[in-house]
Each structure stands twice: as C-alpha cells, then as structure tokens.
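Asker: Below is one structure. I have some questions about it.
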Amino acid sequence: MTLAELRRKLAELDRLPGDTIVILSKDAGGNGFSPLFEVDPSMYHAETEWSGERYMSEATRQAQADPNAYTKAPCHAVPALCLWPAH
C-alpha cells in the first residue's frame, strides 16, 4: 500500500472520532494485535515480494550521536512509512 492509498482509506474513515485507537496485526494471519505506537519515516529495501529490511532515513541516521553505529540504507532502498506496534 502506498501513502496515497492509505490517505484515501483514512479519508473514508473521517466519521470516526479522533480518539479511535489504531491497532496492527502481528502477522497476515491475524495471530495477535497491538496498538500503533509510532509512525516512522524510514527507508525500505525489499528482499522478496513480501518482506525486506527497514533502515533509518539518511537524515535520521546522521542526526544520531554516532551515525556509523547504524547501517546505511542500500542504494536500492526506497522511502517508506514504518508503523511500529506498541508490543
């Protein structure tokens, strides 16, 4: 899903109150759920059609006390929005 698709879906839900909780499924099979904790602009490198690795954006990595302690995103990584569950 792209950010534009997410925005369209969220716009369809504008009737819901602002304090409606957002939950995330643990996996595609629905084997657990958790509230949304953080929305993180990141970088994503697909390893297969269904999975890959998340990296800090370069700006976020450079803002760290020791940027070299964090892996730089591969050149083929693309901007992504990472949604982190509460646990």
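Asker: Which order do Arg7, Arg15, Arg61 take by accessible area at a 1.4 Å probe, largest first?
Answerer: These residues rank, largest area first, as Arg15, Arg7, Arg61.
Asker: Another question about this same structure. So what is the calculated 222 nm ellipticity per residue for the chain, using -39500 (n - 2.57) for each DSSP H run with n of 4 or more, over all residues, to the nearest 500 deg cm²/dmol?
Answerer: Numbers: 2 runs with 14 residues, N = 87.
Calculated at 222 nm, the ellipticity per residue is -4000 deg cm²/dmol.
Asker: Please give the per residue accessible area of the chain, computed with a probe of 1.4 Å over protein heavy atoms only, in Å². Can you show the working numbers first?
Answerer: Numbers: 7080 Å² over 87 residues.
Each residue of the chain exposes 81 Å² on average to a 1.4 Å probe.
Asker: Further question on the same structure: If you take the square roots of the eigenvalues of the alpha-carbon gyration tensor of region 26-87 and sort them as a ≥ b ≥ c, do you get rounded (a/c under 1.5), prolate (a/b over b/c) or oblate?
Answerer: Cα axes put region 26-87 in the oblate bin.
Asker: Shifting gears a bit: Please report, as a whole percent, how much of the solvent-accessible surface of the chain comes from carbon and sulfur atoms (probe radius 1.4 Å).
Answerer: C and S atoms contribute 58 percent here.
Asker: If you average the alpha carbon positions of region 1-30 and of region 34-80, how far apart do those two centres end up, in angstrom?
Answerer: One Cα centre to the other: 21 Å.
Asker: While we're here: Using a 1.4 angstrom probe and counting only protein chains, how large is the accessible area of Ser42 in Å², to 10?
Answerer: Accessible area, nearest 10 Å²: 10 Å².
Asker: Continuing with this model, one more query. Grab the Cα-Cα distance for Asp19 and His76, subtract it from 0.36 nm times how many residues apart they are, and report the gain in nm with one decimal.
Answerer: Working it through step by step, the gained length comes to 16.8 nm.
Asker: Largest first, how would His45, His87, His76 line up by accessible area (1.4 Å probe)?
Answerer: Values: His45 50, His87 205, His76 140 Å².
These residues rank, largest area first, as His87, His76, His45.
The values are calculated or read from the model by the stated rules, or taken from the named source; none is laboratory data. Bear in mind that the values here come from a model prediction, so they are computed numbers and not experimental data. We work out accessible area using only protein heavy atoms, side chains counted, and drop any ligands, DNA or RNA first. Shrake-Rupley method; radii C 1.70, N 1.55, O 1.52, S 1.80 Å.
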